[in-house]
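Down below is the structure, laid out as structure tokens.
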Amino acid sequence: MTAGREVRRGKDAMTVEIGYALVSGGFLGGVAFGVVVAPLLVWSPSGSAKSVLVEAGCAVGGLVALAWVVRVLVRFDRERRLGD
């Protein structure tokens, strides 16, 4: 009976960790996007410079979010394996 509870507890912990990784990764990606695109609020660049900043912001934000999600989940897996 306790083995079933331990398995369930492990699944719940993984679900929470995935949720945390996705939410925090999305937040950090949004912050990174905002940092790259922030000059648009200060200056009025031409159309091509504006599109370059937005595209660079999307790329940087996506990479930051992806890197954070991978980092969190790899760390969780490493800690889970060491705990067994």
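Quick check on the chain: helices-only [θ] at 222 nm, where DSSP H runs of length 4 and up contribute -39,500 (n - 2.57) each and the sum goes over total residues. Nearest 500, please. Mind showing how you got there, number by number?
Working: 3 runs with 77 residues, N = 84.
Only helices count here, giving -32500 deg cm²/dmol.
Enter the accessible area per residue of the range 11-73 (Å², integer; probe 1.4 Å; all protein chains in place).
On the way: 4040 Å² over 63 residues.
Averaged over the residues of the range 11-73, the accessible area is 64 Å².
Which shape class applies to the chain: rounded if a/c is under 1.5, otherwise prolate when a/b exceeds b/c and oblate if not, where a ≥ b ≥ c are the square roots of the Cα gyration tensor eigenvalues?
Values: a/c = 5.37, a/b = 3.99, b/c = 1.35.
Here the chain falls in the prolate category.
Once the Cβ-Cβ distance between Val60 and Tyr20 is put in as r, and R0 is 22 Å, what FRET efficiency do you end up with, to the nearest 0.05? Spell out each step's value before the answer.
Numbers: r = 22 Å, r/R0 = 0.99.
FRET efficiency, Val60 to Tyr20: 0.50.
The values are calculated or read from the model by the stated rules, or taken from the named source; none is laboratory data. Because the structure is a prediction, the values reported are computed rather than measured. Positions of Cβ are generated from backbone atoms using ideal geometry, with glycine treated the same way; all protein chains shown enter the neighbour counts. Areas reflect the complete protein model, heavy atoms only, side chains present, ligands, DNA and RNA absent. Shrake-Rupley method; radii C 1.70, N 1.55, O 1.52, S 1.80 Å.
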